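The values are calculated or read from the model by the stated rules, or taken from the named source; none is laboratory data. Everything numeric in this text was worked out from a predicted model, so none of it was measured. Positions of Cβ are generated from backbone atoms using ideal geometry, with glycine treated the same way; all protein chains shown enter the neighbour counts.
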Amino acid sequence: LNINKLKTIYLDLIYRKLREYWNIVCIQELHIMKFSHIQTSNCYWQVFPLVRNNSTARKVYLVIWVNKRLDTNNWKVVNILDTNDITTIKIKNGHSTLVIFNVYNPYNSNNTQNNLDGFLTRKQAKFYSSEDKHII
């Protein structure tokens, strides 16, 4: 969902009964409150880039919400260094692994695409080593 930083739309998402229908919600151009807080529904864990608090990093434009009903032992945050434009989680079950990337691609730069390409190239065996691994 690209909500174009609109507070009204963002608050509507927070208070809607999303958890009944969606386990994973990827949001872009989210509304950021004072002091860089990102408001999240109490039914979800929020996942944002790990360099978010780095003073030299760009502003955060995206977040992934993970439903609190999902067992935290079955998913984890995947850290992609040096970017606030990619947030990633890996979900495992007994049969397969799913990796979800939320990618914000600024119109004036290829840096995000280069970071993602470099990350996937370095981690190729981890993400592509068998048929039971999927990337979204």
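Observations, loosely collected:
- Against the list (1) at pLDDT 65 or above; (2) out of contact with any helix residue (DSSP H, G or I) (no Cβ under 6 Å at 6 or more places or on another chain); (3) surrounded by 12 or more Cβ atoms within 10 Å (Cβ to Cβ), the condition T72 fails is (3).
- Residue within the stretch 27-40 that is of a type in the set (S, T, Y), modelled with pLDDT of 65 or more and surrounded by 17 or more Cβ atoms within 10 Å (Cβ to Cβ) present: yes
- Restricting the stretch 88-113 to residues that are in contact (Cβ under 8 Å) with a residue 12 or more places away in the chain and in a loop (DSSP other than H, G, I, E, B), the residue that is farthest from N74 (Cα to Cα): P106
- Taking the stretch 62-82 as the range and being assigned to a loop (DSSP other than H, G, I, E, B) and touching a Lys or Arg at 6+ places or on another chain (Cβ under 8 Å) as the test, the residues that pass are K68, R69, N74.
- The requirement of being in contact with a Phe, Trp or Tyr (Cβ under 6 Å, 6 or more places away or on another chain), closer than 24 Å to N23 by Cβ and either surrounded by 14 or more Cβ atoms within 10 Å (Cβ to Cβ) or at pLDDT below 85 (or both) is satisfied by T88.
- Criterion (closer than 24 Å to R19 by Cα, in contact with a Phe, Trp or Tyr (Cβ under 8 Å, 6 or more places away or on another chain) and modelled with pLDDT under 85) met by exactly one of Y44, Y61, Y104: Y61
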